[in-house]
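Reviewing the structure listed below.
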Amino acid sequence: MTRKKAKKSSTNWKKIVAIIVVIIVCLGGVSAWELYSMIYRSNVEFKADEKYFYIPTGSSFQEVSNALVEGGILLNQASFDWVAEQKNYKLNVKAGRYKLERGMNNNELVNLLRSGEQEPVMITFNNVRFKEELAGKVASYIEADSTQIISLLNDSDYANNFGFNTTTLFTLFLPNTYEFWWNTSADEFVERMAAEYKKFWTAERKQKANKLGLSQSEVSILASIVQKETTKNDEKPTVAGVYLNRLKKGMLLQADPTLVYANKDFEARRVLNWHKEIDSPYNTYKYKGLPPGPICLPSIQSIDAVLNAKSHSYLYFCAKADGSGYHSFASTYNEHLKNAREFQRELNKRKVYR
């Protein structure tokens, strides 16, 4: 009887142990699953297939985590925070623009943000007249704001570091499309543009400018006038040749686009006598030589048109009356008057009075 009781007790004990083992295994399995889920289950959700997430310079981990929640990106903040802590991301926050994909898990998200592998931005600027316009366009792409950029462009000491004054510094910027990191500062932006400017001004281009008797900035200033005179790239070298001829002879440039710029009357389709009355260094009907700065950021084609200006005897040009966008060129004033009257008659016919 004693043996039977002992045997039964032993069997019961084995059952209990087995149950405990099963419970432990189950609990371990649940814990393992929870742990796995925290790391690998999808925790990023938004409507689009991809989304860009921006981390400003100097952000703390908590600011990043909160921004992910406030942006409707994280499904579970606590699990993200836990994974981030395990992977030491809390001490490795990197500013930038990151491309997120719907369905990412915490492991993928933390790895991306910790790596600093951000997506670049493409900055394009053209048809820009003023520094403020440039600053506004650039600031819409990068972290630096427009006031920070303008502050640098208006700083005479800063401009002098690059060999410019605050007016000619504008010629440093060559219209094009450039790749940048989003977290670019104002100073980094200008430094990059200075590097692009240096690359553009090759020994050959410098030699051509010297041959014309113009500095690099003066070439750009003249190119800005040429650009506003004609949209036809094949005509730009001829237009540039006219202005170079006038400069050599000491004549007033009498460039209508400079009057439009000086009066800020950018809707004008016809330059009138009252435009010529403004007292501005950009009034080339009143002051000889080139204006102090560009009237827009000239394109590379316009700059090269000046550097490769056509040699001819023309001193005047006027828009053709046929509406083609091309110009009639003249070597004498009387010939020019004839062309101008023809164009004016056409404007009157179309009832274009300003």
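Across the range 37-151, the mean sequence separation of Cα contacts (distance under 8 Å, 6 or more residues apart), normalised by length, yields a relative contact order of 30 percent.
Does the range 206-291 classify as rounded, prolate or oblate by the C-alpha gyration tensor (a ≥ b ≥ c root eigenvalues; a/c under 1.5 gives rounded; else a/b over b/c gives prolate, otherwise oblate)? Prolate. Residues ASP157, ASP187, ASP256, arranged from fewest to most other Cβ atoms within 10 angstrom of their Cβ, appear as ASP157, ASP187, ASP256. Dipole orientation for the chain: of the candidates TRP201, ASN161, MET38, MET38 has the Cα lying most toward the positive pole (charges on Cβ; Lys, Arg +1; Asp, Glu -1).
Legend: residue pairs LYS131/LYS198; LYS288/LYS310; LYS248/LYS288; LYS228/LYS249, Cα-Cα distance threshold 18 Å; pairs beyond threshold, LYS131/LYS198; LYS288/LYS310; LYS228/LYS249.
For GLU188 and LYS248, a Förster radius of 35 Å and the Cβ-Cβ distance give a FRET efficiency of 0.30, rounded to the nearest 0.05. For the range 238-290, chymotrypsin sites (Phe, Trp or Tyr not before Pro) are listed when DSSP marks them as loop and at most 11 other Cβ atoms sit within 10 Å of their Cβ; the list is PHE266.
Dipole size of the range 50-115 about its Cα centre, with +1 on Lys/Arg Cβ and -1 on Asp/Glu Cβ: approximately 220 debye, rounded to the nearest 20.
Once C-alpha pairs closer than 8 Å and six or more residues apart are averaged by separation and normalised to the residue number of the chain, the relative contact order reads 13 percent.
Computed from point charges on the beta carbon alone (+1 for Lys and Arg, -1 for Asp and Glu), the dipole magnitude for the chain about its Cα centre is near 1100 Debye.
Along the axis of the charge dipole computed for the chain (Cβ charges of +1 for Lys and Arg, -1 for Asp and Glu, origin at the Cα centre), the listed residues LEU253, ALA305, HIS336 are led at the positive end by ALA305.
First measure r as the distance between the Cβ atoms of LYS349 and TYR287, then evaluate 1/(1 + (r/R0)^6) with R0 = 35 Å and state the FRET efficiency to the nearest 0.05. Calculated value: 0.55. Mean-square fluctuations from a GNM of the chain, with a 10 angstrom spring cutoff on Cα atoms, peak among SER224, SER60, SER299 at SER60. Largest GNM mean-square fluctuation among LEU169, LEU259, LEU75, using the chain with Cα springs under 10 Å: LEU75. Taking the chain as a Gaussian network of alpha-carbon nodes connected by springs under 10 Å, the highest mean-square fluctuation of the residues ALA195, ALA223, ALA305 belongs to ALA195. This ranking places VAL239, VAL110, VAL44 by how few other beta-carbon atoms lie within 10 Å of each, fewest first, which gives VAL44, VAL110, VAL239. Helices from the chain with mean Kyte-Doolittle at least 0.0 and a Cα length along the axis of 30 Å or more, per DSSP H: which? Helix filter hits for the chain: 2-40. Fewest-first ordering of VAL219, VAL306, VAL121 by other beta carbons within 10 Å of each residue's beta carbon gives VAL121, VAL219, VAL306. Entry note, the range 99-181: relative contact order of 35 percent, from Cα contacts under 8 Å with a spacing of 6+ residues.
Quick note: the coordinates plus some simple rules give every number you see, no bench work behind them. All values derive from a computational prediction rather than experimental measurement. All Cβ positions, even for glycine, are placed from backbone atoms using ideal geometry, and neighbour counts span all protein chains on display.
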